[in-house]
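Asks: Take a look at the following structure, please.
The values are calculated or read from the model by the stated rules, or taken from the named source; none is laboratory data. This structure is a prediction, so every number in the text was calculated from the model and none was measured. In this analysis, Cβ positions are derived from the backbone assuming ideal geometry, glycine residues included, and neighbour counts consider all displayed protein chains.
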Amino acid sequence: MDSILVVASLAFLALALFWIKQLLAAQSSLPLPPGPKGLPVLGNLLDLASEEVHVKCRDWSRQLGEDTISLNILGNTMVVLNSAKAVSDLFDKRGSNYSDRPDMPMIVDLMGWDWTFALMRYGPRWKEHRRVFHSNFNHSVAEHQEIQLEISGELLTLLLRSPEKYAEHMRHYAAHIIMKRVYGHTVIDNNDPYVRLVDEASRSTSEAAVPGAFLVDLFPSLKHVPEWMPGAGFKKKAREWRKLSQAMINVPYDMVKEKFENSSAVPCFVSTCLEQNAASAAAGKGEILTEELIKDSAAVAYAAGADTTVSTMTTFILAMTLHPEAQKRAQVELDTVLGDRLPTFADKDALPYTIAVMKEVLRWIPVLPLAVPHRTMNSDQYKGFFIPAGASVLGNTWAILHDETVFVEPEKFKPERFIDNHLPDPADSGVFGFGRRACAGKSMALDTIWIAIASILSVYNISKAVDEHGNVITPAVKLKPGTVCHPAPFKCLIEPRSRAALALIQHAGLGAK
């Protein structure tokens with residue numbers, strides 16, 4: 001009986017909050033941005049169940065004739081910005097009001113991801129975390145490029161050994177770079193416990209971040225219900241997923257700290273921070289960075305970089321499988337510039353088409369079609385519409401990068417569009433987020449992607465596979481469900497371009513050991 005009363009009370013509270021929000025919204029003399037008609041009470045909640053909400057939002061925007069639309073989610077206002085102009089007007093020009101994050105009870109409160117500044121509320125704690133991350137991962141480019149060069153050679157060797165496992169090798173590549181740079185750890189294979197940990201944690205957040213996936217995000221009071229209550233299965237999931245979150249912060253950090261205390265730590269972000277703190281303490285000045293800041297900054301790089309890089313690299317393999325003409329043009333450029341060697345970062349400016357391939361990969365299938373939501377700190381007016389305080393505001397990255405008025409034939413993969421056309425760079429147009437909340441690790445991520453693309457194309461041909469009957473298999477452009485876009489598994493052939501290319505691969509493998 002007690003549980004029935006609790007459920008009824010929560011339902012009544014939810015309805016009361018819904019009507020209060022509706023009443024407050026109605027008090028504005030301006031209308032909300034237009035949006036699709038929803039159901040009573042539920043609003044547009046069921047519309048969020050689509051795996052392609054970003055496409056739906058773009059289509060609604062066209063039907064309604066506005067680049068800024070709103071959805072009603074159980075009385076909560078969600079605003080979607082479907083153009084680069086709307087994003088710039090609000091996230092850039094009015095950044096002080098649009099740089100907050102909405103409450104995320106499932107991921108932050110229950111799953112314990114309060115340590116990642118990507119999800120922190122806007123304020124002093126967020127600013128300090130971002131400052132530490134930015135200064136350590138964007139100002140020491142040479143440190144990560146040296147690691148990326150070494151591990152890109154390892155990637156070439158793995159693709160030679162088992163090309164059919166290209167997706168696993170991309171995961172190994174991304175994880176190894178991050179683990180080496182952040183924790184000084186050498187990843188041997190995908191059975192590495194740290195690689196498995198970040199993989200499992202990434203899957204949990206990808207599932208939890210789907211809009212409308214858990215009602216607790218719409219009714220935060222539900223986070224207080226006991227786990228045994230009917231309908232509270234999300235609490236059990238969150239408890240299990242919280243273990244992954246805590247392990248990501250503590251397990252690799254504790255490994256480095258132990259090695260540091262034993263004078264056996266490899267130079268990396270964490271060991272450098274510990275060394276600076278030790279030197280400062282010895283001089284009587286106290287610690288430079290708190291343990292919380294070190295652990296959190298390390299874990300952010302560990303958590304955020306791996307899955308997104310794998311997504312982009314798998315999209316690259318798919319694009320090259322389907323578009324041999326783009327692959328060939330890039331290889332001609334690489335051969336002309338490199339001759340009989342592998343690329344380095346010094347070659348980047350001399351390889352404009354290879355850069356264009358990377359840009360088109362980022363644009364064609366953006367990693368996060370709908371960027372992480374922002375939150376209005378105060379009510380606002382835009383284009384004659386009212387945007388209430390506390391509204392979730394999302395940039396539709398996919399719509400921006402598939403705007404046919406900017407990118408002609410946006411569904412087609414055409415790297416040449418970025419040659420001498422002065423088009424917006426996808427890396428600055430939502431792929432890494434918007435405004436003050438844009439990804440602080442963009443520079444390192446782009447270097448990780450570029451050197452892999454250039455290295456693979458310089459020595460490998462990527463083509464369509466054939467089945468047991470000799471029929472050519474053309475992969476479908478299909479995505480796995482989740483907030484991070486990963487192409488669905490597909491078959492392809494990855495083969496050395498020549499004997500000279502094979503020799504380069506083998507030499508790169510020796511250098512990576």
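Asks: Consider the stretch 256-291. How many of its residues are farther than 16 Å from H134 by Cα and in a helix (DSSP H, G or I)?
Replies: Count: 17.
Asks: Can you give me the number of residues within the stretch 88-110 that are over 30 Å from A232 (Cα atoms) and touching a helix residue (DSSP H, G or I) at 6+ places or on another chain (Cβ under 7 Å)? Show your work before the answer.
Replies: Initial filter on the stretch 88-110 (over 30 Å from A232 (Cα atoms)): 88-99.
Next cut, touching a helix residue (DSSP H, G or I) at 6+ places or on another chain (Cβ under 7 Å) only: 91-92, 95, 98-99.
Total satisfying the criteria: 5.
Asks: I'm told F434 meets every condition in (1) closer than 27 Å to S96 by Cβ; (2) out of contact with any strand residue (DSSP E or B) (no Cβ under 6 Å at 6 or more places or on another chain); (3) in contact (Cβ under 8 Å) with a residue 24 or more places away in the chain except one. Can you identify the failing condition by its number?
Replies: Of the numbered conditions (1) closer than 27 Å to S96 by Cβ; (2) out of contact with any strand residue (DSSP E or B) (no Cβ under 6 Å at 6 or more places or on another chain); (3) in contact (Cβ under 8 Å) with a residue 24 or more places away in the chain, the odd one out for F434 is (2).
Asks: OK, next. Working only within the stretch 420-444, note down all residues that are at pLDDT 95 or above and farther than 21 Å from F133 by Cα.
Replies: Listed by number, the residues that qualify are L423, P424, D425, P426.
Asks: Name the pairs whose Cβ atoms lie under 6 Å apart, with the first residue in the stretch 129-154 and closer than 18 Å to L293 by Cα, the second small (G, A, S), and 6 or more positions between them or separate chains?
Replies: R130/A440; V132/S297; F133/S297; F133/A440; H134/A440; F137/G441; N138/S443
Asks: Still on this structure, please answer the following. Report yes if G305 is under 30 Å from I365 (Cα atoms), at pLDDT below 90 and not hydroxyl-bearing (S, T, Y), otherwise no.
Replies: Working: under 30 Å from I365 (Cα atoms): yes; at pLDDT below 90: yes; not hydroxyl-bearing (S, T, Y): yes.
Here the answer is yes, as G305 does meet what is asked.
Asks: Name the single residue that is nearest to the chain's Cα centre (by Cα) among those in the stretch 137-164 being surrounded by fewer than 16 Cβ atoms within 10 Å (Cβ to Cβ) and under 22 Å from L493 (Cα atoms).
Replies: Of the residues in the stretch 137-164, the ones surrounded by fewer than 16 Cβ atoms within 10 Å (Cβ to Cβ) are 138-142, 146, 161-162, 164.
Checking the rest, the ones that are also under 22 Å from L493 (Cα atoms) come to 161-162, 164.
On the way: R161: 29, S162: 27, E164: 25 Å.
This residue is E164.
Asks: Does the stretch 211-243 hold any residues that are in contact with a Ser or Thr (Cβ under 6 Å, 6 or more places away or on another chain) and within 26 Å of V367 (Cα to Cα), and which are they? Lay out the reasoning, then the answer.
Replies: As a first pass, look at the stretch 211-243 and keep what is in contact with a Ser or Thr (Cβ under 6 Å, 6 or more places away or on another chain): 229, 241.
The answer is W241, and nothing else.
Asks: Please find, among V332, V367, V310, the residue that is among the β-branched types (V, I, T) and without any contact (Cβ under 8 Å) to a residue 24 or more places away in the chain. Give the steps one after another, and end with the answer.
Replies: On the way: V367 fails: without any contact (Cβ under 8 Å) to a residue 24 or more places away in the chain; V310 fails: without any contact (Cβ under 8 Å) to a residue 24 or more places away in the chain.
That would be V332, the only listed residue that is among the β-branched types (V, I, T) and without any contact (Cβ under 8 Å) to a residue 24 or more places away in the chain.
Asks: Okay, moving on. Within the stretch 224-233, can one find any residue that is in a helix (DSSP H, G or I), touching a residue at least 40 places away in the same chain (Cβ under 8 Å) and touching a helix residue (DSSP H, G or I) at 6+ places or on another chain (Cβ under 9 Å)?
Replies: Applying the first criterion (in a helix (DSSP H, G or I)) to the stretch 224-233 yields 224, 233.
Keeping just the survivors that are touching a residue at least 40 places away in the same chain (Cβ under 8 Å) gives none.
No, there is no match, as no residue in the stretch 224-233 is in a helix (DSSP H, G or I), touching a residue at least 40 places away in the same chain (Cβ under 8 Å) and touching a helix residue (DSSP H, G or I) at 6+ places or on another chain (Cβ under 9 Å).
Asks: Considering (1) part of a helix (DSSP H, G or I); (2) surrounded by 16 or more Cβ atoms within 10 Å (Cβ to Cβ); (3) of a type in the set (V, I, T), say which one V55 fails and leave the rest.
Replies: The one condition V55 does not meet is (2).
Asks: Name the residues in the stretch 120-130 that are surrounded by fewer than 19 Cβ atoms within 10 Å (Cβ to Cβ) and closer than 20 Å to T205 by Cα, would you?
Replies: R121
Asks: How many of the residues in the stretch 252-269 are within 13 Å of K295 (Cβ to Cβ) and surrounded by fewer than 21 Cβ atoms within 10 Å (Cβ to Cβ)? It would help to see each step written out before you state the result.
Replies: Applying the first criterion (within 13 Å of K295 (Cβ to Cβ)) to the stretch 252-269 yields 252-257, 269.
Right, trim to surrounded by fewer than 21 Cβ atoms within 10 Å (Cβ to Cβ) and you get 254-255, 257.
Total meeting the criteria: 3.
Asks: Can you tell me which residues in the stretch 382-433 are farther than 30 Å from L218 by Cα, of a type in the set (A, V, I, L, M, F, W, C), touching a helix residue (DSSP H, G or I) at 6+ places or on another chain (Cβ under 6 Å) and crowded, with 20+ Cβ neighbours inside 10 Å?
Replies: Once the filter is applied, which keeps residues that are farther than 30 Å from L218 by Cα, of a type in the set (A, V, I, L, M, F, W, C), touching a helix residue (DSSP H, G or I) at 6+ places or on another chain (Cβ under 6 Å) and crowded, with 20+ Cβ neighbours inside 10 Å, the stretch 382-433 yields F413, F418.
Asks: May I ask you to say which residue of E495, E468 is at pLDDT 95 or above and among the acidic types (D, E)?
Replies: Working: E468 fails: at pLDDT 95 or above.
Exactly one residue qualifies, and that residue is E495.
Asks: Which members of the stretch 200-223 meet the condition of being among the small types (G, A, S), out of contact with any helix residue (DSSP H, G or I) (no Cβ under 6 Å at 6 or more places or on another chain) and part of a helix (DSSP H, G or I)?
Replies: In the first step, residues of the stretch 200-223 are kept if they are among the small types (G, A, S); the result is 201-202, 204, 206, 208-209, 212-213, 221.
Now restrict to residues that are out of contact with any helix residue (DSSP H, G or I) (no Cβ under 6 Å at 6 or more places or on another chain): 206, 209, 213, 221.
Scanning the stretch 200-223 gives S206, S221.
Asks: Let me ask something else. Here is a check on your reading of the model: is R436 surrounded by fewer than 18 Cβ atoms within 10 Å (Cβ to Cβ) and either among the basic types (K, R) or not in a loop (DSSP other than H, G, I, E, B) (or both)?
Replies: In short, yes.
Asks: Here's another thing I want to ask about it. Which of the strands (runs of 3 or more DSSP E) contained wholly in the stretch 307-426 include at least 1 residues that are over 26 Å from G482 (Cα atoms)? Walk me through how you get there before you give the answer.
Replies: Details: elements: 380-382, 385-387, 392-395.
Here the list reads 380-382, 385-387.
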